[in-house]
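What follows is a short report on a single structure.
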Amino acid sequence: MNERSTITRSTTSRLPAPLSDVALLTTRLLIGAVLVAHGLQKLGQGVGGVADGFAGMGIPLPLVSALFIVGVEIVGGVLLIAGAATAVAGLATVVAMAGAFLFAHFGTTVFVDDGGWELVGVIAAGALALAAAGPGRFSVDRLLAGRGARTEVGVSG
């Protein structure tokens, strides 16, 4: 591969730093804020109330499921906002959203106004992308890795 094709590929396959880091930060902040808001909303209902709602939807182990979901939404959301344990928080969010899709939104329309899965789908996709790409430069994960560490974003090859 010549130098020109290498330059073209690298500038068209992903955003250059620091734009990629700003994009990851923005994604973390938005997804994290939505998760925390939904977790606090559930916490306001009380975990028992959430578990009762889950039981009505046929979700197995409704109390355990409610504790898991509230924990992922609040703790996972805060971790994503901070960019700490990003892969773990992202994957836990994907699991939570997959459960929401299967038990609450499967067989519905796309649109959230009709009980659809668009919100859980977008949250899951964003969380999966963060788990795969990492949190970016502006994150606790990066600070813990040391200033010399570099976060790579995108697919190599």
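Miscellaneous remarks
- Pairs meeting the criteria (first residue in region 123-134 and over 16 Å from His38 (Cβ atoms), second residue modelled with pLDDT of 95 or more and among the hydroxyl-bearing types (Ser, Thr, Tyr), beta carbons under 8 Å, at least 6 apart or on different chains) are Ala129/Thr27; Leu130/Thr27; Leu130/Thr86; Ala131/Thr86; Gly134/Thr86.
- Qualifying positions in region 42-83 - touching a Phe, Trp or Tyr at 6+ places or on another chain (Cβ under 6 Å) and surrounded by fewer than 16 Cβ atoms within 10 Å (Cβ to Cβ): Met57
- Where a residue in region 51-66 is closer than 22 Å to Thr108 by Cα and its partner, wherever it lies, is among the hydroxyl-bearing types (Ser, Thr, Tyr), with Cβ under 6 Å and at least six apart: Phe54/Ser65; Ile59/Ser65
- Residue count for region 84-117, restricted to those that are under 14 Å from the mean Cα position of the chain (by Cα) and more than 18 Å from Gly39 (Cβ to Cβ): 1.
- Among (1) in a helix (DSSP H, G or I); (2) over 30 Å from Ala17 (Cα atoms); (3) among the small types (Gly, Ala, Ser), the one test that Gly58 misses: (1)
- Residues that are surrounded by fewer than 13 Cβ atoms within 10 Å (Cβ to Cβ) and in contact (Cβ under 8 Å) with a residue 60 or more places away in the chain within region 13-41 comprise Ser13, Pro18, listed in sequence order.
- Condition met for Ala84 (under 22 Å from Phe138 (Cα atoms) and among the small types (Gly, Ala, Ser)): yes
- Taking the conditions (1) surrounded by 15 or more Cβ atoms within 10 Å (Cβ to Cβ); (2) among the polar types (S, T, N, Q); (3) not in a helix (DSSP H, G or I) in turn, Thr109 satisfies each one other than (1).
The values are calculated or read from the model by the stated rules, or taken from the named source; none is laboratory data. Since the model is a prediction, treat every value here as computed from it, not as a measurement. Ideal geometry is used to build each Cβ from the backbone, glycine not excepted, and the neighbour counts take in all protein chains shown.
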